[in-house]
Amino acid sequence: MKVECYDEKGAEVYDMVVRQILQDVQINRAIKDLRVFVDPREPVFIIVVRFEKAASPVVLEDFAEYKHDKEANETFIKIKDENYLPDLLSKLWELEGRNKIHQTSRYEVIIDDPKVDLRGLVIEDPEEDMKKKIYDAIFRIIPEGFRVVEHYSEGDIIAMTCSDETIKEEWLTKTQEIIEEVKNE
């Protein structure tokens, strides 16, 4: 992690703030590299985060079996690992509607008149969850009032150029330089 600022004391304080926020959001171990460039005189704030790859998504077939009864027009889901049941129910409520989902036990869920194809249905995506936490941390780190944001996200890198003024081209160039540094380390 590196904080770059013309004011050494300011950089030390921001370093401490960033570390505390990463710990609060519980992503400090998921961060491979983090760079901050701040110059309040301009005013510009740049943050570039490179994160570790997360586990593969959990799909329905990983923890359950299902079959469709054409006559009754119902799908029966038999749960093998109930740890994913809350996420499964949330996903089904979102896709099918709460009134069509019936949980008869901890190990069985029935869908009335199913419309969604369940094959390969992603129930939990650790990488998406981690990205949400990273964005949460970034928005806590960005200085108050810096609401003009230019966003970049590709692969395992998220970057933001922020200001309380219109973003200047030179700041975007600086952001790209930092991104290239982070990619090459």
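Rule-based calculations on the coordinates, nothing more; no lab input. The shown structure was predicted, so the numbers you read here are calculated from the model rather than taken from an experiment. Positions of Cβ are backbone-derived with ideal geometry, glycine not excepted, and every protein chain shown enters the neighbour counts.
What is the gain in length, in nm to one decimal, between Q176 and D117 on full extension, counting 0.36 nm per residue of separation less the C-alpha to C-alpha distance?
17.1 nm
Enumerate by residue number the GluC sites (Glu not before Pro) in region 48-89 meeting two conditions: DSSP loop (anything except H, G, I, E, B), and at most 13 other Cβ atoms within 10 Å of the site's Cβ.
Answer by residue number: E52, E71.
Sorted from largest to smallest, which semi-axis lengths in Å does the alpha carbon gyration tensor of the chain give for its equivalent ellipsoid, taking the root of 5 times each eigenvalue?
Taking √(5λ) for each Cα gyration eigenvalue gives 45, 16, 14 Å.
State the Cα centre-to-centre distance between region 44-60 and region 76-132 in whole Å.
Each part's Cα centre sits 24 Å from the other's.
Listed highest first by mean packing, meaning other Cβ atoms within 10 Å per residue, what order do 34-41, 84-91 come in?
The peptides rank, most packed first, as 34-41, 84-91.
Seen from all sides and averaged, what is the projected area of the convex hull of the Cα atoms in region 89-154, in nm²?
Value for region 89-154: 7.5 nm².
Which listed residue (I141, M160, L92) has the Cα farthest towards the positive end of the charge dipole for the chain, taking +1 on Lys and Arg C-beta and -1 on Asp and Glu C-beta about the Cα centre?
Towards the positive end, the residue furthest out is L92.
How big is the antiparallel share of DSSP beta bridges in the chain, given as a percent to the nearest 5?
Antiparallel: roughly 90 percent of the beta bridges in the chain.
Could you tell me the calculated FRET efficiency between L95 and S153, based on Cβ-Cβ distance and R0 = 35 angstrom, to the nearest 0.05?
E(calc), rounded to 0.05, equals 0.85.
Quick one: 3J(HN,Hα) in Hz for region 92-102, Karplus 6.51/-1.76/1.60 with θ = phi - 60°, rounded, Gly and Pro as x.
Here the 3J(HN,Hα) series is 5, 4, 5, 7, 10, x, 4, 5, 9, 9, 10 Hz.
Relative to 2.2 N^0.38 Å, what does the C-alpha radius of gyration of region 12-105 come to as a ratio? Two decimals please.
1.80
Could you list, bin by bin from short to long, the percent of Cα-Cα pairs of region 45-99 in 5 Å steps?
4, 14, 18, 20, 14, 8, 7, 6, 4, 3, 2, 1, 0
What is the magnitude of the charge dipole of region 58-124 about its Cα centre, with +1 placed on the Cβ of each Lys and Arg, -1 on the Cβ of each Asp and Glu, and no other charges, expressed in debye to the nearest 20?
Dipole size: approximately 80 debye.
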